[in-house]
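Below is one structure, written out as structure tokens; the observations come after it.
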Amino acid sequence: MGDSESTIALNFLEITPKSFDLRIYKQRVSKMDAESAAACYKRNLRSQDSSETEARFAIEFEQRDGFEEEIFTSKFDIDLTKRYLLHVLQKNLELRGIKTISGFDKYRRVYLPLKTWTEGIQAVWMEPYFLAQTESFGFLVDFKFRVDPEYKAKIATTSDRRIQVLSGTLDDKGFANKAFYQFKYDKLQVFFEYYLSRFHEIEFGRSTFTISNKLTELEAASLATKTYEFADGKTNASPYLGLLKAKPFSKPEVITDYLFLFRESDRSFAINLLKGLRGELSPNTFPGIEKLFDIPFNNSCIRGKKVPEITLGVLEDIAEEIKSDRTAGKNTLPIVLTRSKLTPADDELYYLIKHTFTKSNIACQVVTKDLIVNSNALKYSLSNIGLQIFAKAGGKPWIVKPALSHCLIVGIGNKNKEVFIADETGYTKKTIEKFLTYSVLTDSSGLFKEIQILSEADNENDYYKKLVQKLKSILHQAHESGYRDVVIHAPFRISRPKVWDLVFADLPEGLNVSVLVISNDHKFFGYDFSKNALVPFESSYIQISKHEYLVWFEGLQYHSSVFSKRIGGPIYINVWHANDRNLQFDPIYRKRLLQDCINLSGANWRGFKAKQLPVSIFYCQKIADFLKKFDDYGLGHIEFENLKPWFL
């Protein structure tokens, strides 16, 4: 379980006392007019000292006519207490004349500005939180950069270097910020010195709370490092070095031809790309597709096509040409050289290419011209481009050694179509016009199996009905195939009463199903104060509640303190639900679930160093990104079940 003396500091400031009473004022919503009720915080409540059923109440934290007083203990209703602490914090900041930023985002947070720039505002936010692991209330704190809306409207590019520098993604020289953790912690230090020192103690009514000025340190443990497996059972700790020393785990069943598509004016760039993929440009960093992946990549299987411009008509003609090749028993993979994605038009062309080939069940590789122009960037990107080409051709470069053997992983993603509808009063409400949920199936070794639509419907009732039916079908098929364990990976919670209760009621005997919520978009961060860079070791993790963990899928390497890129934050994993509750809370089984999450981050065939998310979640995210862009540009619906990993 790792060194018990190792700790990671969570971005959480504990308050004392740990337990307290809060005085609220409430009135039943049913007794209020709609306008008055709309202005209040509302919650379902029952009294602590009675068995009465819950009722909907409007709640105030200061005395108000017509509202009755009630005192609650702090742990009776955690969400109510967090809302109370937010009110207490806001009142104390107001009394001390400390200005906050309003309208920052949708969260119930307080934002305190650090510095204002033309591009936006650097700020630190505070959000009430109950840390179950230590049974403490307090405030989560973190840095955030808010882009100025007017500045954002002026910039033409999809990414802005100055915004990336101010948010800490890039360093001052415009390179990946390898000191990202130090950057964020420096901002917290400014917050501690300038702000927290002024409201270290906050008071409300008869209560006084002290906010700690130190992040809460939690015991850290570690998972095993990833082991990659190649052909003939050979293994290595590195996917790239493993391929240099062994053959890929599985080569494409059919020899692939490669069609290079480029504009006439870009012929020299296409030649440069071809040389690079052959291993002629930088053999020390990439020896070539043929040598590294042990498949043909020579003049006999490569052809080029130059056109004045890459248009829809050109793409459709090539798609028809490739489909003709397919009927003749040949597999052709288009490699398209296109403009850099600097303008909306460039972005639209990129997704037009992807959409045109994908709807014809053709995987394609798109390379932007700016990558080829930058010889240094190209040198270090060739291996990743080659890897993607190999996977899209049907190859399987490697698998990872699993913790749970012969376990099916079902990654779930969704892309609902949302619309805004105004009612008779003019109030605009967001509603879902079309529901779409899909899955990416792999096994616990990371071996890609297939993509399946789980549910597609125009209304919620049909959506849930189809979802339950499809999940039951997948689980029964898994059992028939000999799987004993199935683990669901989803970035969001799926309703227990509407889905899982129904699915679990009809499971084959002996099948264990666990549901994990996994996300890289969350509110947690952590620092290792024993390291100069403040970055925890890769595979480190901390537990923040009975079933919630933060896991560092990337981090400091045990054999090296040098970073080659910016290290991201931890991944949030919630072992949320299971059909066998005893197994769900079994520490050995749970650690295997976590281990396979981090193992699956190594099964990412998008790049040799792409390991920030398990492929079960990452691939679903990539599909959602593509579907959104296809929709944004009006490119129409595509059938994408059972395709090769076209989204790499």
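The value of relative contact order for segment 299-399, using C-alpha pairs under 8 Å at least six residues apart, is 26 percent. Between the C-alpha center of segment 246-278 and that of segment 572-597 there is a gap of 43 Å. Summed over the residues of the chain and divided among them, the accessible surface reaches 47 Å² per residue at a probe radius of 1.4 Å. Of the residues Ile289, Leu627, Leu170, the one whose Cα sits farthest toward the positive end of the charge dipole of the chain, with +1 on the Cβ of Lys and Arg and -1 on the Cβ of Asp and Glu, is Ile289. In deg cm²/dmol, rounded to 500, what helix-only [θ] at 222 nm does the chain give when every DSSP H run of at least 4 residues adds -39500 (n - 2.57) and the total is split over its residues? Taking each H run of at least 4 residues, the total per residue is -9000 deg cm²/dmol. Computed from Cα atoms, the angle from the helix 615-632 axis to the main principal axis of the chain rounds to 90 degrees.
Excluding same-chain neighbours fewer than eight residues apart, the lysines reachable from Lys91 by a Cα-Cα span under 19 Å are Lys82, Lys99. The label-point distance for Glu348 and Asn213, in a model that sets each label 7 Å from Cα toward Cβ, rounds to 5.5 nm. Seen against the Cα atoms of the chain and their longest principal axis, helix 180-194 is set at about 20 degrees.
Within straight-line reach of Lys330, meaning a Cα separation under 18 Å, sit the following aspartates and glutamates at least 8 residues removed in sequence or on another chain: Glu253, Asp257, Asp317, Glu320, Glu321. Within segment 224-289, all pairs of alpha-carbon atoms sorted by distance into 10 Å bins from zero give the percentages 18, 32, 32, 15, 3, 0. Over segment 308-398, the reciprocal of the mean inverse Cα-Cα separation, the Kirkwood hydrodynamic radius, stands at 14.2 Å. Full extension of the chain segment joining Phe529 with Ala237 gains 102.4 nm, where the gain is 0.36 nm per residue of separation less the Cα-Cα distance. Please report how far the C-alpha centroid of segment 522-563 lies from that of segment 282-305, rounded to the nearest whole angstrom. Rounded to whole Å, the Cα centres lie 38 Å apart. Hydrodynamic analysis of segment 502-557 uses the Kirkwood radius over alpha carbon pairs. Inserted into Stokes-Einstein at 10 °C and 1.306 mPa s, it gives a translational diffusion coefficient of 112 µm²/s. Take every pair of alpha-carbon atoms less than 8 Å apart whose residues are at least six positions apart; their mean separation over the length of segment 558-638 yields a relative contact order of 16 percent.
Could you tell me which GluC sites (Glu not before Pro) in segment 445-510 are loop residues by DSSP with no more than 14 other beta carbons within 10 angstrom of their beta carbon? Sparse-neighbourhood loop GluC sites (Glu not before Pro): Glu509.
Between the Cα long axis of helix 344-358 and the first principal axis of the chain there is an angle of about 60°, rounded to the nearest 10. The chymotrypsin sites (Phe, Trp or Tyr not before Pro) found in segment 447-502 that occupy coil by DSSP, while having at most 12 further C-beta atoms within 10 Å, are Phe492.
Karplus-derived 3J(HN,Hα) values for segment 254-268, using 6.51 cos²θ - 1.76 cosθ + 1.60 with θ = phi - 60°, are 10, 5, 9, 8, 10, 10, 8, 10, 7, 6, 4, 6, 9, 4, 5 Hz; glycine and proline are entered as x.
Quick one: of Lys417/Lys565; Lys245/Lys275; Lys154/Lys275; Lys305/Lys396; Lys18/Lys546; Lys214/Lys622, which pairs are farther than 30 Å apart, Cα to Cα? The pairs that break the limit, which is 30 Å between Cα atoms, are Lys417/Lys565; Lys154/Lys275; Lys214/Lys622.
Using a ≥ b ≥ c from the Cα gyration tensor of segment 275-344 (square roots of the eigenvalues), is it rounded, prolate or oblate, where a/c under 1.5 gives rounded and otherwise the larger of a/b and b/c decides, a/b for prolate? It is oblate, given that a/c is not under 1.5 and a/b is not larger than b/c.
Along segment 234-244 the Karplus relation, 6.51 cos²θ - 1.76 cosθ + 1.60 evaluated at θ = phi - 60°, assigns HN-Hα couplings of 6, 10, 7, 7, 10, x, 6, 5, x, 5, 5 Hz to successive residues, with x for each Gly and Pro.
Each Lys and Arg Cβ is given +1 and each Asp and Glu Cβ -1; about its Cα centre, segment 62-195 then shows a dipole of about 680 debye. Working from the Cα coordinates of segment 63-199, the gyration tensor eigenvalues give, after taking √(5λ), semi-axes of 34, 18, 14 Å in decreasing order.
Using only alpha carbon pairs under 8 Å that are at least six residues apart, calculate the relative contact order of the chain and give it in whole percent.
Working: 1232 pairs, mean separation 88.7, N = 648.
Relative contact order, the chain: 14 percent.
Diagonalising the gyration tensor over the Cα atoms of the chain and scaling each eigenvalue by 5 before taking the square root yields semi-axes of 46, 29, 27 Å, largest first. Listed by chain and number, the aspartates and glutamates whose alpha-carbon sits under 17 Å from that of Lys434, ignoring those within fewer than 8 places in the same chain, are Glu418, Glu456, Asp458, Glu460, Asp462, Asp625, Asp631, Asp632, Glu639. Stokes-Einstein diffusion of segment 510-648 at 10 °C, 1.306 mPa s viscosity, Kirkwood radius from Cα pairs, rounded to a whole number: 93 µm²/s. The shape of segment 594-642 can be summarised by an equivalent ellipsoid whose semi-axes, obtained from the alpha carbon gyration tensor, come to 27, 10, 9 Å from longest to shortest. Among the chymotrypsin sites (Phe, Trp or Tyr not before Pro) found in segment 542-600, those both in a DSSP coil and sparsely packed, with 13 or fewer other Cβ atoms within 10 Å of their Cβ, are Tyr558, Phe585.
Protein heavy-atom surface of the chain, 1.4 angstrom probe: 46% of the accessible area is carbon and sulfur, with nucleic acids and ligands not counted.
The values are calculated or read from the model by the stated rules, or taken from the named source; none is laboratory data. Not measured: the values here are computed from a predicted model. Positions of Cβ are generated from backbone atoms using ideal geometry, with glycine treated the same way; all protein chains shown enter the neighbour counts. Note: areas computed on protein heavy atoms with side chains; ligands, DNA, RNA excluded. Shrake-Rupley method; radii C 1.70, N 1.55, O 1.52, S 1.80 Å.
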